[in-house]
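Enquirer: Take this structure, written in structure tokens, and hold onto it; I'll ask about it next.
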Amino acid sequence: MHLLVRLALVFDRGESSDMALSKLPLIISRVYSRAFIIGSITNPEDRFVYLVIDTAMGDTAIRYGILQGLANLGSAYSMYNQSNVAVTGTHQHSGPGAWLNYLLPQVTSLGFSKQSYQAIVDGSVLSIQRAHESLAPGTLSYADTNITDANINRSLYAYLQNPAAERAQYDTSTDTILTMLRFKRASDGLNTGVLCWHRCVNLFTLSSPANFVEALQLLRN
């Protein structure tokens, strides 16, 4: 399989936070785009991109901008299109704001900023370019584990309104399972990246992916 993860440009050009009606006092750590490309060695057209951006979420306008940016790169990137590029966010609430294509988020971030939007699009396209240029045979491995002390239910009162029979199916009031995919390069056995899914929301007053950055630094070390 072809797979790789690469870091992209910093999204440091936005000024307003996506936290309601607030401005960021400073940047404590950068926010990134990370592109995972998985495909067939024998059929270069059979591949897909899974993009993880340090933003609150993916967005239709951001995705269309990324697709247009890939189209502008020419025929070498023609295999990446509407059907095989997934744009996701780490779901943190302390990165640049004013880039979403919907009214309510624009109200809370004091409008729309083309600068913030374009920084995210450009950085995302660059991360895909870097992953594409560094494609190499490798393997995927899967694991999951139970982490019981990393998240809480944001509205326990609301959760308790669910039927008792339904709640009895679970041991806790939150989903505590962490699922991980590990990307390993075949040539030297190097772990080139991981994809993790865990139910956790980051709330922070400084521009930072916060707990995601901490996890990345621990992995690198």
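Bear in mind that the values in this text are calculations on the coordinates, not laboratory data. Worth saying up front: this structure is predicted, and the values here are computed from it rather than measured. Reconstructed Cβ throughout: ideal geometry from the backbone, glycine too, with neighbour counts over all protein chains shown.
Enquirer: Would you work out the relative contact order for region 30-170, in percent, from Cα pairs under 8 angstrom that are 6 or more residues apart? Let's see the in-between values first.
Expert: On the way: 162 pairs, mean separation 36.4, N = 141.
Reported relative contact order: 26 percent.
Enquirer: With each pseudo-label sitting 7 Å past Cα toward Cβ, what's the ASN153-ALA61 distance in nm, one decimal?
Expert: Label at ASN153, label at ALA61, 3.7 nm between them.
Enquirer: Let me ask something else. Taking 7 Å along the Cα-to-C-beta vector as the label spot, tell me the LEU218-ARG199 distance in nanometres, rounded to one decimal.
Expert: Label-label distance for LEU218 and ARG199, simple model: 2.0 nm.
Enquirer: Using only the alpha carbons of region 45-150, determine the length spanned along each of the three principal axes and report them from longest to shortest in whole angstroms.
Expert: Projected onto the principal axes, the Cα atoms of region 45-150 cover 46, 45, 20 Å.
Enquirer: Sorted by packing (mean other beta-carbon atoms within 10 Å per residue), highest first, where do 154-166, 71-83 land?
Expert: Numbers: 154-166: 8.8, 71-83: 11.9.
Ranked from most to least packed, the peptides come out as 71-83, 154-166.
Enquirer: Quick check: residue separation of SER83 and ASN191 times 0.36 nm, minus the Cα distance between them. What number comes out in nm? Present the calculation step by step, with values, prior to reporting the outcome.
Expert: Values: separation 108, 0.36 × 108 = 38.88 nm, distance 2.78 nm.
Length difference between fully extended and current span is 36.1 nm.
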